[in-house]
Structure formats: structure tokens, C-alpha cells
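Below you'll find the structure, written out as C-alpha cells, and then a few comments.
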Amino acid sequence: MTTNTQDPTKLYYEDVQVGDAIPKLVKAPVTHLQLVRYAGASGDFNPLHTDPKFGEMIGTGGIIAHGMLVMGFVGQMLSDYVGPTALRKFGVRFKGMTRLDDVITCTGAITEKHEVDGEARISGKVQATDQNGDVKIMGTFVATLPHRSE
Amino acid sequence: MFDKSKIGYSFPPFTIEVERGKIRELALAIGDDNPIYQSREAAQAAGYPDVPLFPTAPTLFTFWGNAKMVSQIVSLGINVMRVLHGEEEYEYLAPINAGDILTGVMTVVDGKTRQGKDGSSLDILTTEIRYTNQHGQPVLNAREMILVRE
């Protein structure tokens, strides 16, 4: 296993306890413009996400957001928390569709601390819900953190 | 319907350069204005060697890197217009920075069809893309599960 560059964040292994909440991230309401912009950025041009007529045709009742956009929201929360290069694993299950004007809140908590391959790691669970508390995404992550003495 | 004989099959490799501008575009579309994703200067000022990978940036590698992805999925017997995204998981094995050249190989790792009582069927397909960098080092595994209603 290669030695990875340490993420230049201020979070240390010793600062984190099992059960700790990850600082939550509340996103601005999802807009049509954001979905168009995300389509262009990501390269996912499925009209389901950008063309209201297509949404009506296939019976989703208007356009729905890219699941990967909402995973991106959770990714932003994790990036803010541990930094991007500290992540070792990040996986999600898509539980529900996100629509225009939904306000997504990302939350998470630490479930485990462990040492693997000479690295101090934390595991956690993450979630994205809308303004009604409906779950859009559930997932887990693993990240490596520096020891305070290093 | 999904062609089960394709389980275990790997498609020809594809190559993609990790582009700074695409990482910035993706982060901004998601609404993450962290300066580390905006420029090399800001990333280096924060202690990174170059613009780091946004956690969900591997989605860029599939949509922009693998121009044949849609036809490959179609070749498995999947109607891409009926695909729902079920799960997405990344295993980050080593740092990936802007400028790296990645080679990805997509393998069909699992697939099954569930028959509904009403005669409908649901295909559940899992693919994995293993990426190595320009030094031949494994850097990322990306696993995706899709659902296809027939």
C-alpha cells in the first residue's frame, strides 16, 4: 500500500469519537438551472434530468435530479469534514427521487475507529434527506486521519 | 432483458486525463465553492500538490472518459432510457490529482432478473471499473448498481 499524502485538514484521529455527528450541510433548493449545469459538468445528459417533457412522457411527473448530484452534496459534506484525499471509501444507496425545489440536508455520524494498514481510520454513516424528512440517500464512508502526535 | 452470459465480461480499456477544469466545473455545479477545487494555486496554498479529486469526480471518468459507455450498456441487453441508479461506491486506493492519466477497465460483476407477479421484470446489474494511473498503480475502484424496469 502506498503512503498517501496527508490531507491538510485540522481534524485528528484523537478528536473523533464513535457517535460523533458530522457537521451537517444544508443545501440551497434544487433548481432546473442547477440540473442543467450538473448535466454539462458531469456528462450525464439523460433527458430525464433536464427535459420536463421527457419526464412527463416516461411518467416520473416532471424532471428529477441526478442521483449523483445528491451524492455530490454528501461528498461536499465529507470533503468539508475530512478533506478529499483522506477518503478511502464512499458508497451510497439511492432511496428516493429528488425533485425541483427540494431542500437537501446531509448528515452523518461516526460508527467506528480502527487501525488498518498502519493507518488510523474512521468509519461513518451518511444520509441525505429532503424538507419532509424523506430519505434520498443512505451511505457509508471510511477515511484516514492523522494522529495528533504526528 | 439483461444477457447473463456477460457476467464476468470486461470491456476494452479506456483512457482519460484528469482535468482541473472539469473538477472545478463539477464542484461548482454541486454548489461546493471550496477554493481547493477552483485552482492549482488555491489547492497548493492549502497543502495539496494540485487540485485534488472531488469525492464524486469519478463520475466524470465514466461519462466523459468512456465514450462507448452507452453502447456497451446497450450491448448487455439494457434499455438505457429505463435505467435507475441503485448504488454507487468508490474505493480510493491512492491519490489522484489533476494531470494524471487514468486507464479504466469495466467488468460486469453481477446481474440478475427479478420477475414481478404482473409479468414485469426488473434487471439488477452491477459493474465495476478498476482504474490505474500512468505509473500502472491501482488508484480507484468504482462500483455501480443499476436497476432496469422492463
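Every number in this text was worked out from the coordinates using simple rules, so none of it is lab data. None of these values were measured; they are calculated from a predicted model. Cβ atoms come from the backbone with ideal geometry, glycine included; neighbour counts cover every protein chain shown.
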Quick check for me: using +1 on Lys/Arg Cβ and -1 on Asp/Glu Cβ, what's the dipole size of the protein assembly as shown about its Cα centre, in debye to the nearest 20?
600 debye
Quick one: helix A:67-82 against the long Cα principal axis of chain A, what's the angle to the nearest 10°, folded into 0 to 90?
30 degrees
Sum -39500 (n - 2.57) across every DSSP H segment of at least 4 residues in chain B, then divide by the residue count to get the 222 nm mean residue ellipticity, nearest 500.
-4500 deg cm²/dmol
Take peptide A:31-42, look around each residue's Cβ out to 10 angstrom, count Cβ atoms belonging to other protein chains, and average those counts.
4
Could you please rank B:Val109, A:Val30, placing first whichever residue has the fewest other Cβ atoms within 10 Å of its Cβ?
B:Val109, A:Val30
Mind checking B:22-35 for the average number of partner chain beta-carbons within 10 Å of each residue's beta-carbon?
6
Around B:Thr59, with a cut-off of 10 angstrom between Cβ atoms, what is the net charge of the other residues, counting Lys and Arg +1 and Asp and Glu -1?
-3
At a 10 Å Cβ-Cβ cut-off, how would you order B:Phe54, B:Phe2, fewest neighbours first?
B:Phe2, B:Phe54
Where the centre of each part is set by its Cα atoms, how far does segment B:119-150 sit from segment B:1-67, in angstrom?
15 Å
Electrostatic dipole magnitude of chain B [Cβ: Lys, Arg +1; Asp, Glu -1; Cα centre; debye, to 20]
480 debye
Provide A:Arg37, A:Arg148 in ascending order of the number of other Cβ atoms located within 10 Å of each residue's Cβ, fewest first.
A:Arg148, A:Arg37
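If we count every other residue with Cβ under 12 angstrom of B:Thr127's Cβ, Lys/Arg +1 and Asp/Glu -1, where does the sum land?
-3
Where Lys and Arg each count +1 and Asp and Glu each count -1, what net charge lies around A:Phe90 among other residues with Cβ under 10 Å from its Cβ? Mind showing how you got there, number by number?
Details: positive: A:Arg88, A:Lys89; negative: B:Glu88, B:Glu89, B:Glu91.
Taking every Cβ under 10 Å from that of A:Phe90, the sum is -1.
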